[in-house]
Amino acid sequence: MAVSDDMVNWERYGDAPLINHHKGISGDAYIQQMGDLYVMFYFGAFWPDRENTTAFNRFAVSNNLVDWVDWEGEDLISPSEPYDNLFAHKSFVVKHNGVVYHYYCAVNKDGQRGIAVATSKDFGTSELEFLPLEGE
């Protein structure tokens, strides 16, 4: 973690990562304050105990920005659709007019990338799809 008083000059705080699963990747953290808590959204990838899931979104919570408790339940987002069947990762979460929007990078098994969104309110299913690759 790094801290700054002016958002220009930064100093490392402590010598350990805030989240560390000692396997694969835990990264691209994004922190939001929600009431008295801070929520750190991050992605995990290539964890050896997750053979069928390559990249997925998780979160941890803190009340002081130093000590974090990792969520132990289901992933917020994991590969589940044709457009994100390889990677579903790199969160950006925002609440607007009472609806939570969870934007993330969706990558399919053909390597096509796009921005997907999951919402707390059912707005139906998009009919947008990646274009077929050349030769298909």
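The values are calculated or read from the model by the stated rules, or taken from the named source; none is laboratory data. Bear in mind the structure is a predicted one, so any value in this text is a computation, not a measurement. Note that we place each Cβ from the backbone using ideal geometry, even for glycine, and neighbour counts take in every protein chain shown. The area values use the complete protein model at the heavy-atom level, side chains included, leaving out ligands, DNA and RNA. Shrake-Rupley method; radii C 1.70, N 1.55, O 1.52, S 1.80 Å.
Kindly establish whether residue 124 is assigned to a loop (DSSP other than H, G, I, E, B) and either open to solvent by less than 60 Å² (accessible area, probe 1.4 Å) or within 23 Å of residue 59 (Cα to Cα) (or both).
Values: assigned to a loop (DSSP other than H, G, I, E, B): yes; either open to solvent by less than 60 Å² (accessible area, probe 1.4 Å) or within 23 Å of residue 59 (Cα to Cα) (or both): yes.
For residue 124, the condition - assigned to a loop (DSSP other than H, G, I, E, B) and either open to solvent by less than 60 Å² (accessible area, probe 1.4 Å) or within 23 Å of residue 59 (Cα to Cα) (or both) - is met.
With respect to residue 111, is the statement that it is without any contact (Cβ under 8 Å) to a residue 60 or more places away in the chain, open to solvent by less than 90 Å² (accessible area, probe 1.4 Å), assigned to a loop (DSSP other than H, G, I, E, B) and within 17 Å of residue 26 (Cα to Cα) true?
On the way: without any contact (Cβ under 8 Å) to a residue 60 or more places away in the chain: yes; open to solvent by less than 90 Å² (accessible area, probe 1.4 Å): yes; assigned to a loop (DSSP other than H, G, I, E, B): yes; within 17 Å of residue 26 (Cα to Cα): no.
No: the conditions fail for residue 111.
Please find, within the range 22-38, the residue that is nearest to residue 54 (Cα to Cα) out of those that are surrounded by fewer than 17 Cβ atoms within 10 Å (Cβ to Cβ) and of a type in the set (A, V, I, L, M).
Taking the range 22-38 and keeping what is surrounded by fewer than 17 Cβ atoms within 10 Å (Cβ to Cβ), we get 22-25, 27-28, 30-37.
Still in the list and also of a type in the set (A, V, I, L, M): 25, 31, 34, 37.
Values: 25: 10, 31: 23, 34: 29, 37: 29 Å.
The residue in question is 25.
Of everything in the range 78-128, what is touching a helix residue (DSSP H, G or I) at 6+ places or on another chain (Cβ under 8 Å) and among the small types (Gly, Ala, Ser)? Give them in sequence order.
Result: 106, 114, 116.
Quick check on my filter: what residues within the range 39-58 are over 24 Å from residue 82 (Cα atoms) and surrounded by fewer than 20 Cβ atoms within 10 Å (Cβ to Cβ)?
Selection gives 39 alone.
Would you check if residue 61 is in contact (Cβ under 8 Å) with a residue 12 or more places away in the chain, under 30 Å from residue 98 (Cβ atoms), surrounded by fewer than 15 Cβ atoms within 10 Å (Cβ to Cβ) and not hydroxyl-bearing (Ser, Thr, Tyr)? Reasoning before the result, please.
Numbers: in contact (Cβ under 8 Å) with a residue 12 or more places away in the chain: yes; under 30 Å from residue 98 (Cβ atoms): yes; surrounded by fewer than 15 Cβ atoms within 10 Å (Cβ to Cβ): yes; not hydroxyl-bearing (Ser, Thr, Tyr): yes.
When the stated conditions are applied, residue 61 passes them.
Out of the residues in the range 66-96 meeting the condition of being among the charged types (D, E, K, R) and assigned to a strand (DSSP E or B), tell me which one is surrounded by the most Cβ atoms within 10 Å (Cβ to Cβ). Before the answer, list the steps.
So the first thing to find is which residues in the range 66-96 are among the charged types (D, E, K, R), and the list is 67, 70, 72, 74-75, 81, 84, 90, 95.
From what's left, assigned to a strand (DSSP E or B): 70, 90, 95.
Values: 70: 15, 90: 21, 95: 11.
Taking the candidates together, the pick is 90.
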